[in-house]
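What follows is a short report on a single structure.
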Amino acid sequence: MNAQATREHAYRRRFLLLLGGWTVLVSVALVVVPLVFRNRLPDPLAGHWGPSGRPDGTMSFAAFMFVVPVWLLIAMCCLGMAVRDRPLPRRATRTRLTTVLAWAAAFLLGTQALTIGANLDKGHWTQASPLSWQVIPMLAGAIAVGALGWLVGRLGPGDPPDTEPPTGPLIHVDPGKRPVWLSTVSAPWAIGLTFVAFASALSLAVATLLGWSTWGWSPVAPLALAFLVGLLLSAVSVRVDSGGLTVSYGLLRWPSRRVPLARIGRAWVDRRYPSDIGGWGYRGLPGSATIMIRGGECLVVRYTSGGELAISIDDAATGAALLNALIAHPLPQKKGCRDR
């Protein structure tokens, strides 16, 4: 291991220790502070304040402590993304993680502090102190702490210089044949949520038609929309043939996008994760986009115009090799000839 790699390894260890230590510190504060004042708080507490600033809603002390699992869920997701990247996380990834952890901690601690302060030493939740302008400095403080987290994430080694990725081995293309490569990948958790949304929308629609639901049609539309979005973003299929690259979205493989071979400069394989690009699904803009269904191996295509498209797909090396072979030795396109 050279000196540069040693420094990066040491920084990665310190970075993970920082995130872990911050998670533990905030978790302890979110648990200990309410317990210290437990005997000085009413139960239920005032948990919501109306436009007038007066309390108009309640929550139990147990519900008040629900911020702890919320924080742990946020922190575990961020820590999981940081640990998953075996090399040093890129600067953009580091800043996203530290910003989210800093802002979420400040927001949850600030909300907890405002609630405790308003309910402290009150015999009943209706006697809680009004809240109005106090929310503004709390939100401003959370934004400021998030900005500090962003600055912390920018410290340390920068990203390695961009280098041209290796093309890899080429596949021999027989001029008398029409080779085809096809690969599909899906996210089981997204498919499950998609059909949960469909079942929920259908059940609520039937219940509303029969007069059994008091909610009406209002929740049906967002659940139906979630079902349609899930159909599009839960799977992706990629086909490479003599005509170029075809990307089909969703379980129904519709809609499809065709990229002619003449528009493709080269292709290669890269390893990318949701933490690198800001999440799952279709990320970025046309000309510089990533279709992220699952983290790991991705087929990356560079257009002749300079843009790029990355797709998380299995067996990406074969797809990249075939694309590069077809680019180097394009096959003649014959009318009426079908791929086989």
Do we find a residue being over 16 Å from Y303 (Cα atoms) and either crowded, with 19+ Cβ neighbours inside 10 Å or among the hydroxyl-bearing types (S, T, Y) (or both) anywhere in the stretch 209-217? yes
For H48, work out the one condition from (1) in contact with an Asp or Glu (Cβ under 7 Å, 6 or more places away or on another chain); (2) open to solvent by less than 50 Å² (accessible area, probe 1.4 Å) it doesn't fulfil. (2)
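Please go through the stretch 109-143 and pick out each residue that is assigned to a loop (DSSP other than H, G, I, E, B) and open to solvent by less than 50 Å² (accessible area, probe 1.4 Å).
L120, A128, S129, L131, Q134 - these are the residues of the stretch 109-143 that are assigned to a loop (DSSP other than H, G, I, E, B) and open to solvent by less than 50 Å² (accessible area, probe 1.4 Å).
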Pairs under 9 Å by beta carbon, first residue touching a residue at least 60 places away in the same chain (Cβ under 8 Å) and open to solvent by 20 Å² or more (accessible area, probe 1.4 Å) in the stretch 310-333, partner among the acidic types (D, E) and assigned to a strand (DSSP E or B), six or more apart or different chains? D314/E297; D315/E297; A317/E297
With at pLDDT below 90 and either β-branched (V, I, T) or under 30 Å from R294 (Cα atoms) (or both) as the only criterion, which of V83, V32, V28 stands out? V83
Between a residue in the stretch 55-76 that is under 16 Å from D43 (Cβ atoms) and any residue that is among the charged types (D, E, K, R) and open to solvent by 50 Å² or more (accessible area, probe 1.4 Å), which pairs come within a Cβ distance under 8 Å, given they are 6 or more apart or on different chains? S60/D43; F61/R38; F61/D43
If we keep only residues of the stretch 210-249 that are modelled with pLDDT under 85 and at positive phi, then the residue nearest to the chain's Cα centre (by Cα) is G216
What is the residue count in the stretch 244-265 for residues that are in contact with a helix residue (DSSP H, G or I) (Cβ under 7 Å, 6 or more places away or on another chain) and under 16 Å from Y282 (Cα atoms)? 3
Those residues of the stretch 250-265 which are open to solvent by less than 60 Å² (accessible area, probe 1.4 Å) and over 25 Å from the mean Cα position of the chain (by Cα) amount to V259, P260, L261, I264, G265
Scan (1) of a type in the set (S, T, Y); (2) part of a loop (DSSP other than H, G, I, E, B); (3) at pLDDT 90 or above for the single condition S183 breaks and write down its number. (2)
Can you name every residue in the stretch 266-299 that is surrounded by fewer than 16 Cβ atoms within 10 Å (Cβ to Cβ) and more than 21 Å from A235 (Cβ to Cβ)? L285, G287, S288
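If a residue counts only when it is at pLDDT 75 or above and basic (K, R), which strands (runs of 3 or more DSSP E) contained entirely in the stretch 273-340 have at least 1 such residues?
Working: elements: 281-285, 288-292, 296-303, 308-312.
Strands (runs of 3 or more DSSP E) meeting the threshold: 281-285, 296-303.
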Scan the stretch 86-97 residue by residue and report those that are surrounded by 18 or more Cβ atoms within 10 Å (Cβ to Cβ) and at pLDDT 75 or above. T93, R94, T95, R96, L97
Checking the condition open to solvent by less than 10 Å² (accessible area, probe 1.4 Å) and of a type in the set (F, W, Y), which residue from F15, F37 passes? F15
Out of (1) surrounded by fewer than 15 Cβ atoms within 10 Å (Cβ to Cβ); (2) modelled with pLDDT under 85, the one A147 does not meet is (2)
A197 vs (1) touching a Ser or Thr at 6+ places or on another chain (Cβ under 6 Å); (2) closer than 30 Å to C298 by Cα; (3) modelled with pLDDT of 85 or more; (4) open to solvent by less than 70 Å² (accessible area, probe 1.4 Å): all pass except (1)
Among the residues of the stretch 234-251, are any in contact (Cβ under 8 Å) with a residue 60 or more places away in the chain, touching a strand residue (DSSP E or B) at 6+ places or on another chain (Cβ under 6 Å) and within 30 Å of T95 (Cα to Cα)? yes
Might you check whether a residue that is modelled with pLDDT of 85 or more, farther than 19 Å from L97 by Cα, among the small types (G, A, S) and within 29 Å of the chain's Cα centre (by Cα) occurs anywhere in the stretch 66-80? no
Filter the stretch 174-193 down to residues that are hydrophobic (A, V, I, L, M, F, W, C) and open to solvent by less than 70 Å² (accessible area, probe 1.4 Å), then give me how many there are. 6
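The values are calculated or read from the model by the stated rules, or taken from the named source; none is laboratory data. Here the structure is a predicted model, which means the values were calculated and not measured. Every residue, glycine among them, receives a Cβ derived from its backbone with ideal geometry; neighbour counts consider all protein chains shown. For the accessible areas, the whole protein counts, side chains as well, though only heavy atoms, and no ligand, DNA or RNA atoms are used. Shrake-Rupley method; radii C 1.70, N 1.55, O 1.52, S 1.80 Å.
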